[in-house]
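Take a look at the structure set out below.
The values are calculated or read from the model by the stated rules, or taken from the named source; none is laboratory data. Since the structure is predicted, the reported quantities are computational estimates derived from the model, not experimental observations. When we count neighbours, we look across all protein chains shown, and the Cβ atoms used for this are built from the backbone with ideal geometry, even at glycine.
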Amino acid sequence: MATDRTAESPGQPSDLPADHAAPARGRPRSFDREAALARAVDLFWERGYEATSVADLTAAMGIRPPSLYAAFGDKRSLFEEAVASYAQKYGTTLPRALDEGPTVRAGIARMLRTAAAEYTDPAHPWGCLVTSSTVNCTAPELEQAMREVRNANVRTLESRIRADVAAGHEPPGTDAAALAVFVGTVLQGMSQRARDGATRAELEQVAEFAMRAWP
């Protein structure tokens, strides 16, 4: 502009041993929480929620399970915080590109080109965490949360298109809802193609073809 296989009780995460001991009260944290969270973001982004275990997370974050539990709660809570961190760091890039266009058509063209660059940036996992992280997820509430983010993005596009229709920048008969769904579908497809190894140049071609289809 982003679950555990079993339900978890508030007091005990299902991914941790039942007899694990929490750190003693008052013990100072011996790791950089923000750096550990950034590694968790990358791991969830790369593998998705379902395929990422607590063992994977602790190995990537450089901490032990009791430290993860004490600092972040359970795996689900860590995922939710990772999504929030992702949104703060990366979630404004595409909306900013959209806003920089003088019209919604120009803004969407810019947004798609920006997505081609962002989704293939070697500095982080490819694609979009919100699009891919809960695929085949067995925690329906997390899957629904990511679905709602994607749907909210489509609603934002629809609102912007309607505004340009009202302003006379787009034809009066423009189907704003269908056009917004089209753009959202292109973005999700670009994310998946990036995860499958598509290059920036290939995704830029997709963006160009998508704009040629603009009614």
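Restricting attention to the stretch 58-93, the residues that are of a type in the set (A, V, I, L, M) and either within 18 Å of L142 (Cα to Cα) or assigned by TED's automatic domain parsing to the domain that holds E143 (or both) add up to 5. Taking the numbered list (1) at pLDDT 95 or above; (2) closer than 30 Å to A40 by Cα in turn, R162 passes all entries but (2). The set of residues from the stretch 108-149 being crowded, with 17+ Cβ neighbours inside 10 Å and closer than 18 Å to F209 by Cβ comprises I108, A109, R110, M111, L112, R113, T114, A115, A116, Y119, T120. If you check A152 against the conditions, is it within 15 Å of P215 (Cα to Cα) and at pLDDT 95 or above? Considered against the rule, which asks whether it is within 15 Å of P215 (Cα to Cα) and at pLDDT 95 or above, A152 comes out as no.
For every residue, the table says whether it meets (1) crowded, with 16+ Cβ neighbours inside 10 Å; (2) within 12 Å of the chain's Cα centre (by Cα); (3) in a loop (DSSP other than H, G, I, E, B).
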position: E46; (1), (2), (3): yes, yes, no
position: A51; (1), (2), (3): no, no, yes
position: A59; (1), (2), (3): no, no, no
position: L68; (1), (2), (3): yes, no, no
position: Y86; (1), (2), (3): yes, yes, no
